[in-house]
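A.B. asks: My questions will all concern the structure given below.
Only the coordinates and a few stated rules stand behind these numbers; no lab work does. On a predicted model such as this, the values are computed, not experimentally measured, just so you know. Positions of Cβ are backbone-derived with ideal geometry, glycine not excepted, and every protein chain shown enters the neighbour counts.
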Amino acid sequence: MTLIRSIIFLIAQWIFTLIYALFSPVMFFFNQHIRFRLLSGYAPGTLWLLKVICGIRMEVRGEENIPAKPCVVLSKHQSAWETVSLQMVLPAHAWVAKRSLLWIPFFGWLLALSNPIALDRSKGKESMRQVLEKGKQKLADGFCVVMFPEGTRIPFGQRGKYKIGGAMLAEQSGAMVLPIAHNAGKYWGRNSVRKHPGTIIMSIGKPIVTTGLKADEINRLTEDWIEGEMTKLG
């Protein structure tokens, strides 16, 4: 039954994405902040389908920790769930994402309209330069910058190497870091069609003030909090 519900959700999600994407050309004519508000309407619809069809709900803890000014958001990455749910929780933000995602039919159109910091990871230092330059500009424009420090989806219960790009952006911009942990992979596994019913918990930590800290120390503080919180969620 779980597999059947998961397949039904997958079909429903693609239909919903297609319908939403058909209206995307209209959004092109609005500025970034209005575009963000229009695009964010995709998230509640998708999460509603997930709840009704698969029985997966969301609980957010620490929402009061989200700062009033733009920050660097460093989140655990386990599935596609967080790429949707964070749109429901965070203020205006921009993603740091792989450029190849922009080529995914329909979904890629919507992602492109959000004006992400799209990177070609094969370019190494050039990619890092883009994160720093474009990230600082996004922060100055009033957008949080969302990054997954582990770089890729990590199965629930496992731990990846925390890359330093987000911490470097925080150091150079002076922006606070907002750490986020969640247990989405327990119910919506990495590259898995099956989605198991339950409540995904998203835990938002207190902002890390980066003034006077070096990137490696910011990265360590972020990793310590996220992985400590993951132990509790596990």
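A.B. asks: Anything in segment 202-218 that is under 19 Å from ASN65 (Cα atoms) and either of a type outside the set (A, V, I, L, M, F, W, C) or part of a helix (DSSP H, G or I) (or both)? List them, or say none. Write out each step before concluding.
C.D. replies: As a first pass, look at segment 202-218 and keep what is under 19 Å from ASN65 (Cα atoms): 202-211, 218.
If the condition is that a residue be under 19 Å from ASN65 (Cα atoms) and either of a type outside the set (A, V, I, L, M, F, W, C) or part of a helix (DSSP H, G or I) (or both), then SER203, GLY205, LYS206, PRO207, THR210, THR211, ILE218 are the ones that fit.
A.B. asks: Here's a follow-up. How about segment 51-106: which of its residues are among the small types (Gly, Ala, Ser) and part of a strand (DSSP E or B)? Please lay out each step first, then the result.
C.D. replies: Taking segment 51-106 as the starting set, the residues that turn out to be among the small types (Gly, Ala, Ser) are 55, 62, 68, 75, 79-80, 85, 92, 94, 97, 100.
The answer is SER75, ALA94, ALA97.
A.B. asks: Within segment 148-162, track down each residue that is more than 12 Å from MET230 (Cα to Cα) and either crowded, with 17+ Cβ neighbours inside 10 Å or touching a strand residue (DSSP E or B) at 6+ places or on another chain (Cβ under 8 Å) (or both).
C.D. replies: Listed by number, the residues that qualify are PHE148, PRO149, GLU150, ARG153, ILE154, TYR162.
A.B. asks: OK, next. For segment 201-208, state whether one or more residues are within 20 Å of the chain's Cα centre (by Cα), more than 16 Å from ALA80 (Cβ to Cβ) and of a type in the set (Gly, Ala, Ser). Don't jump to the end; show me each part of the working.
C.D. replies: The initial filter retains those residues of segment 201-208 that are within 20 Å of the chain's Cα centre (by Cα), namely 201-208.
Add one more test, that the residue is more than 16 Å from ALA80 (Cβ to Cβ), and what stays is 201, 203-208.
With the extra rule that they be of a type in the set (Gly, Ala, Ser), the set shrinks to 203, 205.
Yes, segment 201-208 contains a residue that is within 20 Å of the chain's Cα centre (by Cα), more than 16 Å from ALA80 (Cβ to Cβ) and of a type in the set (Gly, Ala, Ser).
A.B. asks: Considering only segment 106-136, state which residues are free of Cβ contacts under 8 Å to residues at least 24 places away in the same chain and closer than 14 Å to THR17 by Cβ.
C.D. replies: Answer for segment 106-136, where residues must be free of Cβ contacts under 8 Å to residues at least 24 places away in the same chain and closer than 14 Å to THR17 by Cβ: GLY108, LEU111, ALA112.
A.B. asks: Another question, if that's okay. Is it the case, given these coordinates, that GLU227 is in a helix (DSSP H, G or I), closer than 22 Å to VAL60 by Cα and touching a Phe, Trp or Tyr at 6+ places or on another chain (Cβ under 7 Å)?
C.D. replies: No: the conditions fail for GLU227.
A.B. asks: Within segment 186-228, how many residues are of a type outside the set (Phe, Trp, Tyr) and touching a Pro at 6+ places or on another chain (Cβ under 6 Å)? Steps first, answer last, please.
C.D. replies: Initial filter on segment 186-228 (of a type outside the set (Phe, Trp, Tyr)): 186, 189-224, 226-228.
Filter once more, keeping what is touching a Pro at 6+ places or on another chain (Cβ under 6 Å): 190, 205, 207, 222, 226.
The total comes to 5.
A.B. asks: Restricting the search to segment 172-194, which residues are more than 19 Å from the chain's Cα centre (by Cα) and either on the phi > 0 side of the Ramachandran plot or part of a strand (DSSP E or B) (or both)? I'd like the intermediate steps shown before the answer.
C.D. replies: Initially, segment 172-194 is screened for residues more than 19 Å from the chain's Cα centre (by Cα), giving 172-174, 193-194.
Across segment 172-194, the qualifying residue is only GLY174.
A.B. asks: Among all residue pairs at least 6 apart or on different chains, which show Cβ distances below 7 Å where the first residue, located in segment 1-27, is in contact (Cβ under 8 Å) with a residue 24 or more places away in the chain and the second is of a type in the set (Lys, Arg)?
C.D. replies: THR2/ARG194; LEU3/ARG194; SER6/ARG194; SER6/LYS195; PHE9/LYS195; MET27/ARG35
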